[in-house]
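The values are calculated or read from the model by the stated rules, or taken from the named source; none is laboratory data. What you see is a predicted model, and the numbers here were worked out from it, not measured in a lab. Cβ placement follows ideal geometry from the backbone for every residue including glycine, while neighbour counts extend to all protein chains displayed. SASA here: full protein model, heavy atoms, side chains in, ligands and nucleic acids out. Shrake-Rupley method; radii C 1.70, N 1.55, O 1.52, S 1.80 Å.
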Amino acid sequence: MTNWIEDEHQYVFQNYGRQPIVLERGEGTRVWDVDGKEYLDFVGGLAVNVLGHAHPVVAKAVADQAATLIHTSNLYYTKPMIELAKILVENSCMDRAFFCNSGAEAIEAAIKLARRWGHDTRNGAYEIIATLDGFHGRTTGALAATGTLRYREPFAPLAPGFSHVPWNDLDAIKAATTPLTVAVLLEPIQGEGGVNMPAPGYLQGIREWCDANNLLLIFDEIQTGNGRTGTLFAYEQEGVEPDILCLAKGLAGGVPIGAMLAKDELAKHLVPGDHGTTFGANPLATAAGVATMNFIIDNELPAQAARASERIVARLRSMEDRLPAVTEVRGRGLLLAVGLDRDCSADVVAAARERGLLANNVRPNAVRLMPPLIVTDDEIDKACDILEAAILAVTGAPK
Ligand SMILES: Cc1ncc(COP(=O)(O)O)c(C=O)c1O
């Protein structure tokens, strides 16, 4: 019998800290490993599987498109990419979409568009202000924007022109702004940083500062987008419109894709030859995107995510009363984290996994939950029961 984990250790780069299970199939919010053990999947492919696993609408779109036209290159027009762009534009504050293959690539595109605009209209301004603990991806440009030293430092020197300021500190953005600053780049809710919420007025304050100083505001909604936080995009709940919006993760229901959206005035600065990628706007990925986005919109899944969130948050908050180790429940919609009073999240995640729940130790002292938008009440109740038992097993007696 194949020992998959041993083979992985032998043949695959060891750059991931994987959980010791081999997943074989999924359906909705559930996945099964090669031994047939069932798990409730509250990681959701790291906020990717918005419609859960093996959703028939996504599966059919992929199968139909695979049997029709998988790839053409961007030398030609294809229907799914135009359809997906239209859906995104009609349902956001943006005018145009550029497609790529991942979140990091969407950020790279945003950096280039901002710098192209700075080159054309702002005497070559190129500096981008980002936030500490912000996460924007692992390619060298996106990494330069990422605000976690341990991810960046071994790969120095990274692209110049990025500065990092503390999260929720508008004055720090003001102080970091120079005549060469072209943009402010941040997530409306920091995801990988630990599900950190923006303070009331923070994002509005940044928008006003950008307007007053002719700076672009770039929102990385790679994790918060596609209905996860209770609206199609998180910016809608903040009353703030960015100039550039980066998407990826859930956009095609699990098929790799990324997108940069921008207002027309800005988008026109990218001209033929400025940017591109072979697989970008690939018919397979964009057909999956059309099916996923139409399903999210037609079935009002953002509102469903908000309702599901209320149930989870109520359950998690009730744990705060019973379990001394639970210090905080934070997040919005189905991007949530349970804060713990000690660095035990890896043990809690392991204990939850053994009990049949997949959760994510986003920080040493925080467990993150990102179930699909189609998660049911029963699944929420079961997952919360398991999480409570896991926290109890790791941290000891209730209050
Ligand atoms: C907010 C945010 N931006 C960018 C990225 C990078 O996306 P990808 O891993 O698809 O390159 C991530 C991935 O976790 C993310 O959460």
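Taking first residues from the stretch 319-331 that are more than 14 Å from V394 (Cβ to Cβ) and at pLDDT 95 or above and partners that are among the basic types (K, R) and not in a strand (DSSP E or B), the Cβ contacts under 9 Å between residues at least 6 apart in sequence or on separate chains come to V329/R317. If the condition is being open to solvent by 40 Å² or more (accessible area, probe 1.4 Å) and either hydrophobic (A, V, I, L, M, F, W, C) or touching a residue at least 24 places away in the same chain (Cβ under 8 Å) (or both), then the stretch 285-302 contributes N294, F295, I297. Of everything in the stretch 357-399 that is part of a loop (DSSP other than H, G, I, E, B) and more than 24 Å from the chain's Cα centre (by Cα), the residue that is surrounded by the fewest Cβ atoms within 10 Å (Cβ to Cβ) is A397. Return yes when P198 is open to solvent by less than 10 Å² (accessible area, probe 1.4 Å) and within 14 Å of the ligand (Cβ to nearest atom) and no when it is not. The answer is no for P198. T278 meets all of the listed conditions (1) touching a residue at least 12 places away in the same chain (Cβ under 8 Å); (2) away from the ligand (no atom under 16 Å from the Cβ); (3) of a type in the set (S, T, Y); (4) more than 30 Å from D120 (Cβ to Cβ) but one, namely (4). Every condition in (1) under 26 Å from R363 (Cα atoms); (2) open to solvent by less than 10 Å² (accessible area, probe 1.4 Å) is met by H164 except one, and the failing one is (2).
Residues in the stretch 94-143 that are of a type in the set (F, W, Y) and either in a loop (DSSP other than H, G, I, E, B) or within 12 Å of the ligand (Cβ to nearest atom) (or both): Y126, F135.
Do the conditions hold for A285, that is, is it within 14 Å of the ligand (Cβ to nearest atom) and not charged (D, E, K, R)? Answer is yes for this residue.
Given the structure, is V290 part of a strand (DSSP E or B) and within 22 Å of the chain's Cα centre (by Cα)? When the stated conditions are applied, V290 does not pass them. Only one entry in A351, A303 is at pLDDT 95 or above and either closer than 24 Å to V48 by Cβ or in a loop (DSSP other than H, G, I, E, B) (or both), namely A303. Among the residues of the stretch 344-356, just one is open to solvent by 20 Å² or more (accessible area, probe 1.4 Å) and under 22 Å from the mean Cα position of the chain (by Cα), namely A346.
For the stretch 130-160, the set of residues classified as closer than 19 Å to M260 by Cβ and open to solvent by 20 Å² or more (accessible area, probe 1.4 Å) consists of F135, R138, T139, T140, A159, listed by residue number.
How many of the residues making up the stretch 207-222 are surrounded by 24 or more Cβ atoms within 10 Å (Cβ to Cβ) and more than 12 Å from the ligand (Cβ to nearest atom)?
Residues meeting the conditions: 2.
Evaluating L270 against the criteria (1) within 25 Å of A287 (Cβ to Cβ); (2) within 16 Å of the ligand (Cβ to nearest atom); (3) not polar (S, T, N, Q) leaves one unmet condition, (2). Output yes when any residue across the stretch 107-123 is open to solvent by 40 Å² or more (accessible area, probe 1.4 Å), among the charged types (D, E, K, R) and farther than 28 Å from G273 by Cβ, and no when none is. No, that holds for no residue. Of all the listed residues (S318, S309), the sole one being away from the ligand (no atom under 16 Å from the Cβ), surrounded by fewer than 21 Cβ atoms within 10 Å (Cβ to Cβ) and hydroxyl-bearing (S, T, Y) is S318.
Residues of the stretch 233-264 that are in contact (Cβ under 8 Å) with a residue 12 or more places away in the chain and either charged (D, E, K, R) or away from the ligand (no atom under 16 Å from the Cβ) (or both): Q237, E238, G239, V240, E241, D243, K249, A262, K263, D264. Kindly check whether there is at least one residue in the stretch 82-89 that is within 16 Å of the ligand (Cβ to nearest atom) and touching a helix residue (DSSP H, G or I) at 6+ places or on another chain (Cβ under 6 Å). Scanning the stretch 82-89 turns up no residue that is within 16 Å of the ligand (Cβ to nearest atom) and touching a helix residue (DSSP H, G or I) at 6+ places or on another chain (Cβ under 6 Å).
Within the stretch 62-83, residues that are over 12 Å from A291 (Cα atoms) have Cβ atoms under 8 Å from residues that are open to solvent by 70 Å² or more (accessible area, probe 1.4 Å) and assigned to a loop (DSSP other than H, G, I, E, B) in these pairs: H71/F279; S73/T278; N74/T278; T78/L69, counting only partners at least 6 apart in sequence or on another chain.
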